[in-house]
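**Student:** Sharing a structure, written as structure tokens. Questions coming.
The values are calculated or read from the model by the stated rules, or taken from the named source; none is laboratory data. For clarity, every value in this text was computed on a predicted model and none was experimentally measured. In this analysis, Cβ positions are derived from the backbone assuming ideal geometry, glycine residues included, and neighbour counts consider all displayed protein chains. Note: accessible area is taken over every heavy atom of the protein model, side chains too, but ligands, DNA and RNA are not part of it. Shrake-Rupley method; radii C 1.70, N 1.55, O 1.52, S 1.80 Å.
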Amino acid sequence: MGRYFGIAAVDLIVNEDFGRMVSFRNGRITSVPLKEAVSKLNLVDVQTQYDTERYNGRRSILGS
């Protein structure tokens, strides 16, 4: 995933699309304006996105 974020970040630079941040939304890597990214607090839903037994992010998109 980090590789794809890096590629997207370089694409923003090459296209001179400054003031944007790479993000993952609705299953897609995209970009958002920095003002939108920092305008409100975005929290992680621990129950659905975090494996508390392994202290790590969930690695499956299938749930369980």
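**Student:** Within region 1-22, how many residues are among the hydrophobic types (A, V, I, L, M, F, W, C), in a helix (DSSP H, G or I) and either open to solvent by 80 Å² or more (accessible area, probe 1.4 Å) or farther than 19 Å from Gln49 by Cβ (or both)?
**Tutor:** Initially, region 1-22 is screened for residues among the hydrophobic types (A, V, I, L, M, F, W, C), giving 1, 5, 7-10, 12-14, 18, 21-22.
From what's left, in a helix (DSSP H, G or I): 5, 7-10, 12-14.
Next cut, either open to solvent by 80 Å² or more (accessible area, probe 1.4 Å) or farther than 19 Å from Gln49 by Cβ (or both) only: 7-10, 12-14.
Adding up the residues that qualify gives 7.
**Student:** Name the one entry in Ser31, Ser39 that is touching a helix residue (DSSP H, G or I) at 6+ places or on another chain (Cβ under 7 Å) and either of a type in the set (Val, Ile, Thr) or at pLDDT 75 or above (or both). Spell out how you get there, then give the answer.
**Tutor:** Numbers: Ser39 fails: touching a helix residue (DSSP H, G or I) at 6+ places or on another chain (Cβ under 7 Å).
Exactly one residue qualifies, and that residue is Ser31.
**Student:** Also, I was wondering about something else. Quick one: in region 46-60, which of the residues that are in a strand (DSSP E or B) and open to solvent by less than 70 Å² (accessible area, probe 1.4 Å) is modelled with the highest pLDDT?
**Tutor:** My answer is Asp51.
**Student:** Oh, and also: Restricting attention to region 23-45, and to residues there that are among the hydroxyl-bearing types (Ser, Thr, Tyr) and under 17 Å from Val10 (Cβ atoms), which single residue is surrounded by the fewest Cβ atoms within 10 Å (Cβ to Cβ)?
**Tutor:** Across region 23-45, the extreme among qualifying residues is Thr30.
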